[in-house]
Amino acid sequence: MLTWKDIINFAVNGNPNPDKRVEKTEAEWKAQLTPEQYRITRQKGTERPHSGALCTTYDAGKYNCVCCNSPLFDSTIKFSSGTGWPSFTQPIKENAIKYEKDSSFGMVRVEVMCNTCDAHLGHVFPDGPEPSGLRYCINSESMVLEKESVNE
Ligand SMILES: [Zn+2]
């Protein structure tokens, strides 16, 4: 399980290697994404709180990157943080996410990105629930929920 110490270590000393890389030009991303998805994932934007479609969804499934479809989080590690953004306590696997120190807006925060395609996802904070103590605060627009198929 990752803890804040691991996150700082990744942000300062380098991230784990991803399983694969997806790289596209800005024009290719623009053609593939909605304007809001492009603004958030490729230009480090933030959606308005409580605006995201995945904010209050707790259906079972995997949350994939909207840009490259790599799995990032899953529904078992999602929790209700009350912040207005989807929140998770862990990534789906250790090398799914990359971390970078972000000093914008006069704050020092840790930015969270897709480790496969560098899509901006949100930030991670050390005030989440036990046992990890992590709170990944992620834009809905940067993910797609791949619902678990239910056998009827
Ligand atoms: Zn991605």
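The table that follows gives values for the structure above.
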| read-out | value |
| --- | --- |
| Strands (runs of 3 or more DSSP E) within the range 32-106 that include 1 or more residues surrounded by 16 or more Cβ atoms within 10 Å (Cβ to Cβ) and among the hydroxyl-bearing types (Ser, Thr, Tyr) | 61-65, 97-102 |
| First in the range 42-54 and among the hydroxyl-bearing types (Ser, Thr, Tyr), second anywhere and open to solvent by 50 Å² or more (accessible area, probe 1.4 Å) and part of a loop (DSSP other than H, G, I, E, B), Cβ under 9 Å, 6 or more apart | 46/85 |
| Residues within the range 56-85 that are within 16 Å of the ligand (Cβ to nearest atom) and within 24 Å of residue 29 (Cβ to Cβ), tallied | 12 |
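The values are calculated or read from the model by the stated rules, or taken from the named source; none is laboratory data. Not measured: the values here are computed from a predicted model. Note: ideal-geometry Cβ built from the backbone for every residue, glycine included; neighbour counts use all protein chains shown. What goes into the accessible areas is simple: the full protein's heavy atoms, side chains included, and nothing from ligands, DNA or RNA. Shrake-Rupley method; radii C 1.70, N 1.55, O 1.52, S 1.80 Å.
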